[in-house]
Amino acid sequence: MKLVHILHENPEWIEPYRAAFSLMGLETREIFMNGGAFDLGSIPSDGIYWSRVSASALSRGHELAAATAAAIFDFLGLHGRRVINGAGALRLEMSKVSQHASLAAAGIATPRTIAVVGSDRLEAAVIDAQFACKPFVLKPNRGGKGLGVRLLQDLDDLRSSISRVADEPSADNVWLIQEYCPSPDQTITRLEFIGGSLHYAVRVHTGGDFELCPAEACALPGAPPMFEIGPVEDQDLVNKIGDFLKMSGVEVAGVEYLKTPNGQQLVYDINTNTNYNRDAEERAGVEPGPMALARFIDSLC
C-alpha cells in the first residue's frame with residue numbers, strides 16, 4: 001500500500017482527507033506538529049509527506065507548529081523525501097509580508113501594503129502612509145482564517161483599538177496596514193490549485209467579514225451559503241498565479257483576490273493549507289478537493 005505522512009496540528013481539518021485517501025488506496029500516518037524530538041541520525045520513513053501546518057496554529061495554542069515543520073522539512077530534504085507544500089509553502093503561509101513581497105516581485109497586483117514591526121509603531125506608520133483619514137485594513141503578519149483582521153475607519157479608530165491589538169497573541173509582532181479595496185458586491189474569488197493546476201474557482205460572499213474558512217468545522221449552523229463554485233473570470237490571472245506557485249514551491253493552495261470598483265483584480269492572500277467546502281462542491285457537481293488531492297498524491301507514489 002502507498003504511504004502518505006500527513007503533517008498537521010489540527011485534527012478537525014483532516015477527516016475529509018482520511019476518507020479520500022482511503023478510497024484511493026493510500027495508507028496514511030499522521031504526525032502532530034507542535035514540538036517533539038527526532039533523531040537526526042535516523043532515516044525517515046519512505047512515502048510521500050504532505051504538510052497541513054497552518055498560520056492559525058497559534059490560535060489553537062500550537063505555537064511550536066511552524067518551528068517543528070521547518071526542522072522536519074530540513075531533515076526530510078537531506079534524505080531526499082518528497083514533501084508536498086514544504087519549505088517554500090511554509091514561508092508564505094507563515095508570513096503575509098513574504099506573500100505580498102513575492103507576489104509583487106512576480107508582477108501580480110496586490111493592495112498597497114505597509115509592514116510594521118511592533119504594535120507601538122502602528123500609529124506613526126498610518127500617518128506616514130497617509131491612511132489617517134480613510135478606511136484601512138489592519139492584519140497580523142501571521143494570522144490564518146482571517147483571525148485578527150480589522151477594518152478601521154481612520155486613525156482615531158486605530159487609536160481606540162490599539163490596546164486590544166497589543167494584547168492579542170502575536171507570533172512576531174509584525175503587522176500589515178493595507179489599503180481597503182471594497183468589492184462592489186461584497187464577494188471575493190478563491191482559486192483552488194491542486195498539484196500546480198487550477199481545480200476550480202469559488203466565489204465567496206463575505207458580507208464584509210474577513211473570517212472565510214470553508215471547512216465544515218468552521219461552518220455556522222443556519223447560516224446562508226457563502227461559497228459558490230463558478231466559471232473562471234480571468235485565465236491570464238490564473239496562469240500568472242499558477243506560475244507563481246510553482247516558482248514558490250507550492251503545490252496545493254487557495255489564492256484569494258478581489259475586484260475593485262474600477263475592475264482591477266488584486267491578490268491579497270495565499271492559503272497553503274486550503275480547506276474545501278463540500279456543500280459548494282456538491283451543488284456545482286465537481287470532484288471534491290480532498291479526492292482530487294488524493295488522485296494527485298497517488299500519481300506521485
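Read-outs: derived from the displayed coordinates by stated rules, not from any lab. Please read these numbers as outputs of a predicted model, since none were measured by experiment. Quick reminder, even Gly has a Cβ in these numbers, built from the backbone with ideal geometry, and neighbours come from all protein chains shown.
Here are the numbers for the structure shown:
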{"read-out": "Whole-Å distance, taken between Cα centres, linking the stretch 139-206 and the stretch 67-95", "value": "25 Å"}
{"read-out": "Descending principal axes extents, the stretch 2-92, alpha-carbon based, whole Å", "value": "33, 32, 23"}
{"read-out": "Scaled radius of gyration (Cα, divided by 2.2 N^0.38 Å) that the stretch 113-179 gives", "value": "0.97"}
{"read-out": "Long-range HN-HN contacts of Glu9 with modeled amide H, under 5 Å", "value": "Met33, Ser54"}
{"read-out": "Modelled FRET efficiency - R0 25 Å, Ala105 with Glu228, Cβ distances, 0.05 increments", "value": "0.20"}
{"read-out": "Beta bridge orientation in the chain: antiparallel %, DSSP, nearest 5", "value": "75 percent"}
{"read-out": "Taking Asp234, Asp39, Asp172 and counting other C-beta atoms within 10 Å, the order from fewest to most", "value": "Asp39, Asp172, Asp234"}
{"read-out": "Potential extension, Tyr180-Met247 segment - 0.36 nm per residue separation minus Cα distance", "value": "21.3 nm"}
{"read-out": "Gaussian network model of the chain, Cα within-10 Å springs - most flexible of Pro11, Pro135, Pro44", "value": "Pro11"}
{"read-out": "Within the stretch 164-207, trypsin sites (Lys or Arg not before Pro) in DSSP loop having at most 13 other beta-carbon neighbours inside 10 Å", "value": "none"}
{"read-out": "Dipole moment magnitude, nearest 20 debye, the stretch 1-117 about Cα centre, only Lys, Arg, Asp, Glu C-beta charged", "value": "360 debye"}
{"read-out": "Cβ-placed point charges (K, R +1; D, E -1), dipole of the chain about Cα centre in debye, nearest 20", "value": "380 debye"}
{"read-out": "Estimated distance in nm for a label pair at Ser45 and Asp156, the labels positioned 7 Å out from Cα along Cα-to-Cβ", "value": "6.0 nm"}
{"read-out": "Protection proxy ranking of 283-294, 77-88 - average other beta-carbon atoms within 10 Å, highest first", "value": "283-294, 77-88"}
{"read-out": "Separation of the Lys134 and Leu3 label points, Cα + 7 Å toward Cβ, nm", "value": "5.6 nm"}
{"read-out": "Value of [θ]222 nm, deg cm²/dmol, for the chain, DSSP H segments ≥ 4, -39500 (n - 2.57) each, nearest 500", "value": "-9000 deg cm²/dmol"}
{"read-out": "Efficiency of FRET from Cβ geometry, Thr187 and Ala67, R₀ 25 Å, rounded to 0.05", "value": "0.10"}
